[in-house]
């Protein structure tokens, strides 16, 4: 399966250490969704990477799928998603 082989590549790029703590807060199977209304997003001061990742959040894709799709360094993208979660911009779908 193409996705599982692609994930092996992504998984190898997510380092241990601080990233392990990120994975504990934001597991790969979790599905992020917006925790704020769309009009509140306009007032946020986001860098280009954060804005791009937010543009991919649809409330259906898992963190793993987002990391595979975003074409960014997976460790950095995972950290950005965790930061957006910590800041209350994202929440996890239950």
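Things worth noting here:
- Of all residues in the stretch 74-89, those satisfying the criterion of being in contact with a strand residue (DSSP E or B) (Cβ under 8 Å, 6 or more places away or on another chain) and in a helix (DSSP H, G or I) are 81, 84, 85.
- A count restricted to the stretch 58-73 and to residues that are farther than 14 Å from residue 26 by Cβ, in a helix (DSSP H, G or I) and without any contact (Cβ under 8 Å) to a residue 60 or more places away in the chain stands at 1.
- Residues of the stretch 37-57 classified as part of a loop (DSSP other than H, G, I, E, B), more than 11 Å from the chain's Cα centre (by Cα) and touching a residue at least 24 places away in the same chain (Cβ under 8 Å), total: 1
Read-outs throughout are calculated quantities, based only on the coordinates presented, and are distinct from any laboratory measurement. The model shown is predicted, which means the values in this text are computed figures rather than measured ones. With ideal geometry, Cβ positions are generated from the backbone for all residues, glycine too; neighbour counts draw on all protein chains shown.
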